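Read the structure below first, then the notes.
The values are calculated or read from the model by the stated rules, or taken from the named source; none is laboratory data. Note that this is a predicted model, so its numbers are computed, not measured. Backbone-built Cβ (ideal geometry, glycine too); neighbour counts: all protein chains shown.
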Amino acid sequence: MTFIICIIIIALVAFYIIFRQAQEKTKYQDNHYLENLNKITSYFDTIQSLNDYVTWVHRDQIKLEYSPVAKFFKNKTNFYKKEESVRIFNKNYYDLDNYIIQYNQNYVQSQIEKLKDYFDDIEGKQLDHQQRTAVITDEYSNLIIAGAGSGKTLTILGKVKYLIEQKNSNPKDILLLSFTKKTVDELNERLINMGLSVRATTFHKLGYDTIKEHSTTIPALTNENTLSNLVKEFLSKEIFNNEEALEAFVVYVACYMNIPEENDEYDSLGEKLDTEKGIDFETLRSKSETDLNKVHKAALDTIQGEKVKSVEELTIANFLYLNGINYEYEKAYPHETTMYRPDFYLTDYDIYLEHFGVDENNRAKWLTPKNEEDYVNEMELKRERHKAHNTKLLETYSYYNRDKILLDKLRNMLENENVIFKPRDTKQIFQAVAHKDKKFGKEIANLIITFINLSKSRQLNFHKLTTLFLDKKKTENPFKQERQELFLKFALPILKKYNDILQDKSEIDFNDMINRATDLVREQKPKYSYKHIIIDEYQDISYSRFNLIKQIREESGARLICVGDDWQSIYRFAGSDISLFSNFEKYVGKHEQLFIEQTYRNSQALIDITAKYIQKNSKQIPKNPKSKKEAQSNPLLFAYYNQDNAEAVFVDEIKKIKEKNGNKPILVLGRHAFDINEFIQLKPNSKIKYYERNDKLEVQGFEDIDIKYITVHKSKGLEADNVIVLNLKNHLLGFPNKMTDDPMLSLLLSDDEEFRFAEERRLFYVALTRTKNQVVLLIPTEVSLFAEELVKDNDLIFDVNNEIVRKTNCPYCITGHLVIRKNPANHNQFLGCSHYPSCNQTFNDIKILDNTILCDSCKSGFMTLRNGMYGNFLGCTNYPKCNKTIKLQ
Ligand SMILES: Nc1ncnc2c1ncn2[C@@H]1O[C@H](COP(=O)(O)OP(=O)(O)OP(=O)(O)O)[C@@H](O)[C@H]1O
């Protein structure tokens, strides 16, 4: 029995084995299987034969091509024993992304080694490692992020040369683009010298050529001043025929142009005052009522009219005036003998108005604890005074600014007191003001131009802009909403008029040209042979230019190489949008990011300062620029001047540069073209002469030095042995120019630029990085925020003798400094704050300037010499409120 069972089992096993073998045989001879196995071989051939940088597009093509094979062999580990290749395939295919990453890294490295000698001589220079990597790396989209003076142009030339000579590219298949005629000319000159037949072109030429080729009608390009002339014309004449625009314009300038910010937004009162400096604080009432000035002239000994001390006060004063509510500013409170001047007195209602710098918890955190305590006590005292004399006091607070509800609150409060609003005729106000102040509202002209350029670049017409605004409206605060609404009421008619004019004349502007070209490419889908599109100065890209390139790529499948420096993006006014750079991924998807950080122009000492300075805005891409260049001396120098000695100081700086550097060229840079005028005397024997025709500055006694004067915008891409930067002034039109960063623009930019003066900071960075040696900053009495910041952040690099470092700061507002003043009544000298009247801190003892010791107990007084029973000692100027003393040996 057992035997029989054994036989059966053996037979079953034998049968099973034979069955399995037969099954295996058919399995391995199955055509489908064999086909797929063959494809594995072809897959490996493809992988083995890769001999170029592999883009993700190419990689995905491979993946797609072999996906049926992959599906077939997925999880089929039982094939592994017989066919090792299936195992290897499964491993490789499902890890292809990493495989290609590794492959590309090896490829770049092997090319670097193989082509060492080749890259040792590009235009006679040895490319550095990052430059070589950038040249060889050839993803479908590439962003090469460079530092100033890091050889962007050399890298681009190296790339073109490499593609043609090493990768057999046809020169016609390379589209090389730059923004200005100047940079294109420079590229072409160098390409010719290198014997390369690729030619660079501007975006405009590309747009124009596209239209010429694909359209039957070729419109004329409008004069570049058409828009600015129209804006000027509209604001000075036509606005009077458009009631709604006129009303909006006056209200905007009066109450909305400057945005009040909560004191807590700043580290100190002084920082707020510094930021607001340059704003015209003369009230609308004073500007439109000439009689008022006469009264003021007599009473307050001022010819400057009614000037207030802060943005909030200006907003309140103008709001009252526009609504026909009579007021007196800082009128002495009549019920007491002590001097108390409430901010506003509403004459027809016997109401006082005070704006207090506190938050919702009655705190003034921007002051030192001691000063805060005094401030809050003072507020309480004011309230008690009004209670005692039974006078009505209305209060507004700094925190209203944070929620942007200052004017709303004010309106409610006044209505509750039955104050009657009798809005004045804005046309009359405008005419009166414009008659007296020819510049009234003119600062807005440039903002309107930028606004129109940006909206045209984004192809936002009248309708789309209104929709966009309504969309954003939901998220904006009431003040900003109102502000935008007003702005659009006068900006949109200008935009409409501009488009109408162009249409009537059958003209287009640069933005139209690019947009039209984009539409043509989209509609007609022309065949392009481009394999590479290289964009120089990519940080200046606008939305419309980007779209044109995107469209051309869709038709050509060309690889994109964008080379730029986001730290140097300075053409927002012409429509450029930095988020196309900083959010590259969002616009192009997968891409390779490369850096070139070795700087050949500036010294390491200068880079340390400038890199720290620009990266304070955390939205700038972090970089680690390096230089092998040692500074000969301080890389940054400060030279102070005033109205009377401007010419002499300028000439003296030229002399000093010559003593140090001989006759090497000097580049003088202004924030605005007119900045140089301050140094040129309007008399025949002026020592400085400026020839606009060729940007030449002739300085008496130094005719043998090549000195050029241009604006920082024009200096982009240039370098010089020495650089002088003018107009480091804290003013609306200083450096920073405070008009360029208006929130109206963020409506049109893809990404809000929240950092204060972000565009101007980049502009200043461009100015600082033009030099091969030193930068001299010419600083007038009102020191620019940027110059102050450099001093504050880099105190070690400046001479201790430097005037700015020796200043004694005011302990109340922190950034003001103490200056000697004279009491007109008794002629006694005392110390006052340079921020007076906005900061009215004083000290009687002027010796504080000779030996400044800030009290470490209250931090708001200074230690001064006192006589006591037991001899001399130092005591705090805040005694008796502060008892701090220091014994003297
Ligand atoms: N690999 C290199 N070796 C030596 N010098 C170099 C190298 N690369 C660039 N340079 C030099 O560095 C200087 C700066 O180069 P370039 O003007 O091309 O810089 P950039 O990046 O365009 O500067 P920026 O953006 O500030 O205008 C030039 O004098 C250039 O010749």
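Taken over segment 633-655, the criterion of being surrounded by fewer than 18 Cβ atoms within 10 Å (Cβ to Cβ), among the charged types (D, E, K, R) and touching a residue at least 40 places away in the same chain (Cβ under 8 Å) is satisfied by LYS655 alone.
The C-beta contact set for segment 135-147 (first residue farther than 18 Å from PHE546 by Cβ, second residue within 16 Å of the ligand (Cβ to nearest atom) and of a type in the set (Ser, Thr, Tyr), distance under 9 angstrom, 6+ apart or interchain) comprises VAL135/THR155; VAL135/TYR162; ILE136/TYR162; ALA146/THR155; GLY147/THR599; GLY147/THR769. Checking LYS436, LYS404 one by one, the residue that is at positive phi and in contact with a Lys or Arg (Cβ under 8 Å, 6 or more places away or on another chain) is LYS404 and no other. What residue, among those in segment 590-623 that are β-branched (Val, Ile, Thr) and away from the ligand (no atom under 13 Å from the Cβ), is farthest from ARG59 (Cα to Cα)? Here the residue is ILE609.
The lone criterion from (1) on the phi > 0 side of the Ramachandran plot; (2) away from the ligand (no atom under 15 Å from the Cβ) left unmet by GLY149 is number (2). Close contacts from segment 565-577, counting a first residue that is acidic (Asp, Glu) and a second that is assigned to a helix (DSSP H, G or I) and more than 14 Å from the ligand (Cβ to nearest atom), with Cβ to Cβ under 9 Å and a gap of 6+ residues or different chains, come to ASP566/SER582; ASP577/LEU454; ASP577/SER457; ASP577/TYR543; ASP577/PHE546. Report those helices (runs of 4 or more DSSP H) wholly inside segment 387-443 carrying at least 1 residues which are out of contact with any Pro (no Cβ under 6 Å at 6 or more places or on another chain) and among the aromatic types (Phe, Trp, Tyr). Here the list reads 399-402, 426-436.
In segment 544-555 there is no residue matching the filter, namely being modelled with pLDDT of 95 or more, over 11 Å from LEU143 (Cα atoms), assigned to a helix (DSSP H, G or I) and within 11 Å of the ligand (Cβ to nearest atom).
In segment 152-179, which residue that is free of Cβ contacts under 8 Å to residues at least 60 places away in the same chain and within 15 Å of the ligand (Cβ to nearest atom) is farthest from ILE552 (Cα to Cα)?
Restricting attention to segment 152-179, the residues satisfying the condition of being free of Cβ contacts under 8 Å to residues at least 60 places away in the same chain are 154, 157-158, 161-162, 164-166, 168, 171.
Then keep just the ones that are within 15 Å of the ligand (Cβ to nearest atom); that gives 154, 157-158, 161-162.
Working: LEU154: 26, LEU157: 22, GLY158: 24, LYS161: 23, TYR162: 23 Å.
Going through the qualifying residues, I end up with LEU154.
In segment 714-730, the residues that are in a loop (DSSP other than H, G, I, E, B) form Cβ pairs under 8 Å with partners that are within 12 Å of the ligand (Cβ to nearest atom) and among the small types (Gly, Ala, Ser), at six or more places apart or across chains, as follows: GLU719/GLY149. Scanning segment 133-146 for residues that are among the small types (Gly, Ala, Ser) and either within 11 Å of the ligand (Cβ to nearest atom) or surrounded by fewer than 24 Cβ atoms within 10 Å (Cβ to Cβ) (or both) yields a total of 2.
Against the list (1) surrounded by fewer than 19 Cβ atoms within 10 Å (Cβ to Cβ); (2) away from the ligand (no atom under 16 Å from the Cβ), the condition LYS626 fails is (2).
In segment 776-795, which residue that is of a type in the set (Asp, Glu) and either part of a strand (DSSP E or B) or over 15 Å from ILE607 (Cα atoms) (or both) is farthest from the ligand (Cβ to nearest atom)? Among residues in segment 776-795 that are of a type in the set (Asp, Glu) and either part of a strand (DSSP E or B) or over 15 Å from ILE607 (Cα atoms) (or both), the one farthest from the ligand (Cβ to nearest atom) is GLU782.
Consider segment 370-394 and keep the residues that are acidic (Asp, Glu) and crowded, with 16+ Cβ neighbours inside 10 Å. The one that is nearest to TYR333 (Cα to Cα) is ASP374. Residues in segment 500-529 that are touching a residue at least 24 places away in the same chain (Cβ under 8 Å) and polar (S, T, N, Q): SER506, ASN511, ASN515, THR518, GLN524, SER529.
Conditions tested, residue by residue: (1) crowded, with 20+ Cβ neighbours inside 10 Å; (2) closer than 30 Å to ALA767 by Cβ.
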| position | (1), (2) |
| --- | --- |
| LEU520 | no, no |
| TYR538 | yes, yes |
| ARG545 | yes, yes |
| GLY557 | no, no |
| CYS562 | yes, yes |
| ILE578 | yes, yes |
| PHE581 | yes, yes |
| TYR587 | no, yes |
| LYS590 | no, no |
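Look at LEU191 and say whether it is surrounded by 18 or more Cβ atoms within 10 Å (Cβ to Cβ), more than 10 Å from the ligand (Cβ to nearest atom), modelled with pLDDT of 95 or more and assigned to a strand (DSSP E or B). Answer is no for this residue. Within segment 414-450, restricting attention to residues that are surrounded by 14 or more Cβ atoms within 10 Å (Cβ to Cβ) and of a type in the set (Val, Ile, Thr), the residue that is nearest to the chain's Cα centre (by Cα) is THR450. One residue stands out among those in segment 92-132 that are among the basic types (Lys, Arg) and loosely packed, with under 13 Cβ neighbours inside 10 Å: the one that is nearest to the ligand (Cβ to nearest atom), which is LYS116. Remark: pairs (first residue in segment 762-775, touching a residue at least 40 places away in the same chain (Cβ under 8 Å) and part of a strand (DSSP E or B); second residue acidic (Asp, Glu) and within 11 Å of the ligand (Cβ to nearest atom); Cβ separation under 8 Å; 6+ apart in sequence or on different chains) = THR771/GLU719; LYS772/GLU719. Out of everything in segment 709-739 that is away from the ligand (no atom under 16 Å from the Cβ) and among the charged types (D, E, K, R), what residue ends up being surrounded by the most Cβ atoms within 10 Å (Cβ to Cβ)? By that ranking, first place goes to LYS729.
Take the residues of segment 562-589 that are part of a loop (DSSP other than H, G, I, E, B) and not hydroxyl-bearing (Ser, Thr, Tyr): which is farthest from the ligand (Cβ to nearest atom)? Spell out the reasoning first.
Here is the first cut: in segment 562-589, the residues part of a loop (DSSP other than H, G, I, E, B) are 565, 569-571, 575, 577-578, 583, 589.
If we keep only those that are not hydroxyl-bearing (Ser, Thr, Tyr) too, we end up with 565, 570, 575, 577-578, 583, 589.
Working: ASP565: 5, ILE570: 11, GLY575: 20, ASP577: 19, ILE578: 15, ASN583: 21, GLY589: 26 Å.
Going through the qualifying residues, I end up with GLY589.
In segment 451-465, what residues are assigned to a helix (DSSP H, G or I) and surrounded by 16 or more Cβ atoms within 10 Å (Cβ to Cβ)? Of everything in segment 451-465, those that are assigned to a helix (DSSP H, G or I) and surrounded by 16 or more Cβ atoms within 10 Å (Cβ to Cβ) turn out to be PHE451, ILE452, ASN453, LEU454, SER455, LYS456, SER457, LEU465.
In segment 163-174, the condition of being touching a Leu at 6+ places or on another chain (Cβ under 6 Å) and of a type in the set (Ser, Thr, Tyr) is met by at least one residue.
Considering only segment 874-889, how many residues are surrounded by fewer than 15 Cβ atoms within 10 Å (Cβ to Cβ) and touching a strand residue (DSSP E or B) at 6+ places or on another chain (Cβ under 8 Å)? Steps first, answer last, please.
Kept after step one, since they are surrounded by fewer than 15 Cβ atoms within 10 Å (Cβ to Cβ), are these residues of segment 874-889: 880-881, 883, 886-889.
Those left that are additionally touching a strand residue (DSSP E or B) at 6+ places or on another chain (Cβ under 8 Å): 883, 886-888.
Within segment 874-889, residues that are surrounded by fewer than 15 Cβ atoms within 10 Å (Cβ to Cβ) and touching a strand residue (DSSP E or B) at 6+ places or on another chain (Cβ under 8 Å) number 4.
Would you confirm, using the coordinates I've provided, whether ASN624 is over 20 Å from the mean Cα position of the chain (by Cα) and not in a strand (DSSP E or B)? No; evaluated as a whole, the condition is false for this residue.
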